[in-house]
Amino acid sequence: MNPVFWTIATVLVVAVCATLIAPVLWRAPTADEAAAIKKRRLLIALAIAIIVPVASLATYRWVGSWSLTGVSASAQAAGAPPHAGAMGDGAAAGDMTQAIANLETRLSASPQDADGWELLSQSYAFQQRSAAAEAAQARADAVRAGTEVSPWNAEEFGGSQRSDQGLEALRARVRDNPNDADSWALLAEGYRQRRDFTNSLAAFERLVQLKAMNADLWADYADATAASSGGLNADSARMIDSALALDPNHMKGLWLKGSWQTRQDDYKAAAATWEKMLAMLPADASDARIIRANLDEARAKMTGAPTAAAPAAARSAGISGEIEIDARWRAKAAPGAVLYVFAKAEGQPGPPLAVLRTAVKSWPVTFRLDDSQAMMPTRRLSQFQRVVVEARISQSGSADPAPGDLRGRSKVIDQSAASAPVRVLINEEVG
C-alpha cells in the first residue's frame, strides 16, 4: 500500500466533508426554527460524512488506477498481495502466476538478488506454498550473509503449482463470471503447470474469445499445445507468431520460434533467432550458454559440419541403467505406479534433457535415455558432458513433483568416459 497516496486522499476527503458540513451546522438558527428541523440538520451532516468517503472510493474503483496505491488492477482482481506489482507485468489479465514466473526467471540469471528472493518467498507464502517460501527466504538470508547461492530451480521449489483449493476457487469464479479474464488466465496457467492440458487449452481458448491474449499468454498457449500433442506443430507455430507479433522481443516466444525452425530444418532462420536472443542477454546469463549451443548447432547444420557439443560416442550411446527402490518405500510404489526418469545437465537450470515415463511392473526397473526423448529438439542429452539421472514415483501421475512422491538421484555422470550402467536408488519422499 502507498502511504503517501492514502494520506493525500484522506486529507482531500476530510476537506470536502468539512466544506459541506460547516454551512449546515454553523448557520445560526432562526427563532422560528423547530427542534425537528435542528435534528434534520444533524442527520444531513452525518449523511454527508458517510456518503462522501464511500462515494469517493466507489468512483475511484470504477474509473481510477490501482497502480497509484501500489497494487495493479490485475493483481487486485486475482487477490494478489500488495507487493505483487513489483514483480513486473503479468499476462493480459495480469495474473499472479505469470508475475511469479517472471521473478523466477530473473532469479535464474541473478541468484545474488537478496530482495528478489525475499519477494519470491512472500509470493510463495501468499500461494500457501510454505516449504517453497521457507526455501526462498533461506536463500535471501544466505545472500545477505555473503554466501553464494545457485539459481532458482523448479525442482527445488516444487514448480509454480496451484493447489486444488485454488483451482476450485478459480473454477467457481469463472462460473459466476464467464468474462473474468484474470481468472481464466490464472486457471489456464494452473492447469498447464499440473499438465492438465485438456482444461488448460480450453481456458486459453476462452481467453482468445475474450480478446484478452497478450504475448505471454500466446507463448504459454503454444507451449501447452506442443506439450499436449507431443511437440511443436503448425498450431503452436501460429500461436508463437501471435506472441511475437505483439512483442517481437518476447524471450519465450523467440525460444519456441527457434525450436520450431530447427524442427522444420530451417537452420538459417533458427540461427537468426538464436543470434537475436543472444544479443538480448548478458554474456554470462545461464540461458546464454544454452542458446549459444543451439546457435552453434544451427550453423553446423547449415555448413554440414559436425557439432562439437559432445563426443560421438555420447551421442549414440545414451545412458542406461536400473532404478531400484528402498525397501521401506515399496508399499507406496505398487505395480502400475507412474515412474519418471529424466536426465539433467549438472548445475544448470532449464528443462530436463531427456525424459522417460513408464509404469512400474517389478523392481528393479531398467531404463535408457537418449536424444530421442529430448523435451526440446535443440536441448538434447548428447550436448552435455556431465549429467545426473533422477527417478521419481509420481503419486498423481503428473510430471511435476508433489508432496508424497518418491525420488532418487544418481551420481554425476561423465558422458565422455566409458562407464558402467547407472544405478539410481529411490530413497526419499518429497516433502
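The values are calculated or read from the model by the stated rules, or taken from the named source; none is laboratory data. None of these values were measured; they are calculated from a predicted model. Glycine gets a Cβ as well: all are built from the backbone with ideal geometry, and neighbour counts include every protein chain shown. Just the protein is used for accessible areas: all its heavy atoms, side chains included, with ligands, DNA and RNA removed. Shrake-Rupley method; radii C 1.70, N 1.55, O 1.52, S 1.80 Å.
For this structure, a couple of remarks:
- Taking Val365, Val412 and ordering them by how much accessible surface each has at a 1.4 Å probe, largest first, produces Val412, Val365.
- Here the peptides 241-252, 380-391 are ranked by packing, the mean other Cβ count within 10 Å, and the order with the highest first is 380-391, 241-252.
- Exceedance of the 32 Å cut-off in Cα-Cα distance is limited, within the set Lys252/Lys332; Lys211/Lys344; Lys257/Lys411; Lys211/Lys268; Lys257/Lys344, to Lys252/Lys332; Lys211/Lys344; Lys257/Lys411; Lys211/Lys268.
- Carbon + sulfur, % of accessible area of region 192-288 - ligands and nucleic acids excluded, 1.4 Å: 49 percent
- Cβ crowding within 10 Å averaged over residues, with 261-270, 216-225 ranked highest first: 216-225, 261-270
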